1. Do any residues in the range B:24-40 that are within 14 Å of chain A (Cβ to nearest Cβ) have Cβ atoms under 6 Å from those of residues that are outside any helix (DSSP H, G or I) and of a type in the set (Gly, Ala, Ser), where the two are at least six apart or on different chains, and which pairs are they?
2. Please tell me if residue B:283 is out of contact with any helix residue (DSSP H, G or I) (no Cβ under 7 Å at 6 or more places or on another chain), under 30 Å from residue B:224 (Cβ atoms), touching a residue at least 12 places away in the same chain (Cβ under 8 Å) and not in a helix (DSSP H, G or I).
3. Can you confirm whether residue B:38 is more than 14 Å from the chain's Cα centre (by Cα) and either surrounded by 23 or more Cβ atoms within 10 Å (Cβ to Cβ) or at pLDDT 95 or above (or both)?
4. Out of the range B:128-156, which residues are among the aromatic types (Phe, Trp, Tyr) and assigned to a helix (DSSP H, G or I)?
5. Is it the case that the range B:261-276 has a residue that's of a type outside the set (A, V, I, L, M, F, W, C) and at positive phi?
6. Return the residues of the range B:41-96 that are modelled with pLDDT under 95 and either assigned to a helix (DSSP H, G or I) or within 20 Å of the chain's Cα centre (by Cα) (or both); say none if nothing qualifies.
7. Quick test of your reading of the structure: residue B:255 fulfils all but one of (1) crowded, with 19+ Cβ neighbours inside 10 Å; (2) among the hydrophobic types (A, V, I, L, M, F, W, C); (3) under 23 Å from the mean Cα position of the chain (by Cα). Name the failing condition by number.
8. For the range A:23-76, how many residues are more than 14 Å from chain B (Cβ to nearest Cβ), among the polar types (S, T, N, Q) and either under 22 Å from residue B:395 (Cα atoms) or outside any loop (DSSP other than H, G, I, E, B) (or both)?
Amino acid sequence: MKLVIGIVRPEKANDVLEALYRAHVQGVSMSKVQGHGGELDRVETYRGTTVRMGLAEKVRFEIAVSEEYVQPAIDALCEGGRTGDVGDGKIFVHSLDQVIRIRTGETDHAAVTPVTPIGAASGDRRDD
Amino acid sequence: MIDSGDTAWMLVATALVIVMTPALGLFYAGLVRSKNVLNTFMMSIAALGVATIAWAVIGYSFAFGDGGGFIGNFDHAFLKDVGFEPRDGTTIPQLLFFVFQGSFCILTVALVSGAVVERIRFGPYMIFVALWATLVYPVMAHWVFGGGFLAEAGTLDFAGGVPVEMASGFSALAAALVIGARKDYGRQALLPHNSIFVLLGAGLLWFGWFGFNGGSALSAGESGALAFTNTLLTPACALVAWFILDLIRGGKVTAVGAATAIIVGCVGITPAAGFISPAWAMVLGFLAAIPSYLIIVWRPRTRVDETLDVLAAHGIAGLTGILFIGFFAQFAWNGVADGLVYGNAALLADQALAVLVAPAYAFAATFLILRGLGALTPLRASERDEAIGMDVSQHGEEAYLTGEGALLISIPEADAQPGKASEAA
């Protein structure tokens with residue numbers, strides 16, 4: 001199991017979500033973050049005050065997946081998030097010690113999504 | 001002869017109409033995404049600047065100069081001969097008449113912006129405002145208010161069903177077709193980011209509309225009082241009609257729908273305000289809601305990204321109001337003419353004439369202006385700028401800042417160390 005963290009541009013967040021759905025990666029958390037990754041700062045002016053915005057709005061996806069979905073998740077983040085300009089973001093992959101689904105108490109592989117082969121009706125079968 | 005009572009009311013009414021433009025900005029700003037809120041608001045604010053200048057330079061003269069049936073002349077260019085002396089048939093200083101009519105022009109051009117928000121570049125937009133406030137609004141205002149061919153024909157338009165509502169609505173359709181849809185239109189849900197702005201904007205617009213309609217009698221008398229009353233009654237009925245339509249369609253009354261209904265009601269009564277009885281004004285409210293509602297539900301399923309539905313809310317509701325006069329105008333209330341129901345079928349023909357020519361001219365003129373402008377300079381922001389958001393890309397500002405991560409680069413001189421300030425700048 002891995003935790004895939006992808007930090008992308010907010011305007012590409014919808015494209016990433018679309019790509020994740022297409023790859024059948026389900027179970028996604030998303031949060032708004034501010035970050036700085038070496039892109040050119042934008043300059044904004046408010047009356048007499050001119051500022052360089054050192055932090056840019058980003059969207060952070062957290063996706064816990066079983067091993068076979070690590071690459072599809074990474075591919076979806078890259079495909080959906082890439083514009084080619086500096087500031088497209090980064091992907092971090094952690095190993096995961098434990099996953100528990102609160103509703104059922106299932107753990108580990110049974111608890112990460114997707115847990116069923118594509119097209120299967122039941123949501124509770126193991127995916128290994 | 002100047003009447004001080006009339007003048008006092010018209011001073012207030014004019015200020016009420018002026019506040020409608022920032023109110024419209026607020027209404028529109030709530031309907032767009034948060035990354036485009038300042039740009040959308042600024043399109044209304046820009047009209048206050050650019051359209052005012054256009055109106056003073058030549059627009060007023062095109063609308064109210066004694067020209068032919070189609071357009072005025074250059075007699076009042078640069079405010080020439082616009083002074084304290086009232087215009088024929090009015091009892092207020094012509095200067096005040098000029099400002100009151102100008103406030104309509106400002107609002108109308110700002111209305112058109114609703115069709116092209118979230119993608120049009122700000123510079124070309126301002127040129128469009130100048131051209132539209134010179135070539136479209138004044139021409140159509142001349143037709144009905146300035147002694148043009150519709151006024152000659154006998155078309156009744158109390159407060160601008162032709163030059164304000166139908167002009168903005170059908171211009172909006174043309175503008176949306178020329179500019180094209182937003183890049184995410186039809187692919188992603190593009191939702192209002194702040195429905196409270198939408199409601200507050202609509203409420204402020206309604207407030208201003210009492211000056212817009214109530215002032216269009218150009219006096220503080222019976223006609224103005226009738227228009228003022230109807231400006232409460234029609235939107236109230238449109239609002240309740242919208243509630244019912246919402247309930248039928250989705251089982252819930254919606255807030256953004258309510259705000260839209262207020263606008264539709266105000267627009268519907270605009271041409272008819274001083275011409276129909278209060279009872280018929282209430283009927284108009286219920287009636288006007290229906291076509292606008294149907295178009296607002298249908299339009300997003302088409303490829304036409306007429307983003308904030310100016311056509312449905314203004315063009316169609318204005319058209320409904322103009323036609324309604326043809327049926328239900330009542331001499332006993334307006335002292336001018338009866339409609340079909342009261343035995344004068346000729347009025348309906350005059351109203352129908354306006355419904356044919358106004359949309360045609362507004363659509364064609366706006367289409368040509370934008371096509372011409374588009375041949376000289378790109379009208380749309382790049383896809384990248386559109387994605388980043390028009391606030392940052394067009395104005396270098398954001399609406400909802402936290403200030404975190406913002407580094408000063410223009411350090412006040414007293415505090416700045418020599419050398420460091422110039423390096424930072």
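1. B:35/B:389; B:36/B:389; B:38/B:399
2. No: the conditions fail for residue B:283.
3. For residue B:38, the condition - more than 14 Å from the chain's Cα centre (by Cα) and either surrounded by 23 or more Cβ atoms within 10 Å (Cβ to Cβ) or at pLDDT 95 or above (or both) - is met.
4. Those that are among the aromatic types (Phe, Trp, Tyr) and assigned to a helix (DSSP H, G or I): B:128, B:132, B:137, B:143, B:149.
5. No: the range B:261-276 contains no residue that is of a type outside the set (A, V, I, L, M, F, W, C) and at positive phi.
6. none
7. With (1) crowded, with 19+ Cβ neighbours inside 10 Å; (2) among the hydrophobic types (A, V, I, L, M, F, W, C); (3) under 23 Å from the mean Cα position of the chain (by Cα) applied to residue B:255, the lone miss is (1).
8. The total comes to 3.
The values are calculated or read from the model by the stated rules, or taken from the named source; none is laboratory data. No experiment lies behind these values; they were computed from the predicted model shown. Methodologically, a virtual Cβ is constructed for each residue, glycine included, from the backbone with ideal geometry; neighbour enumeration extends over all protein chains shown.
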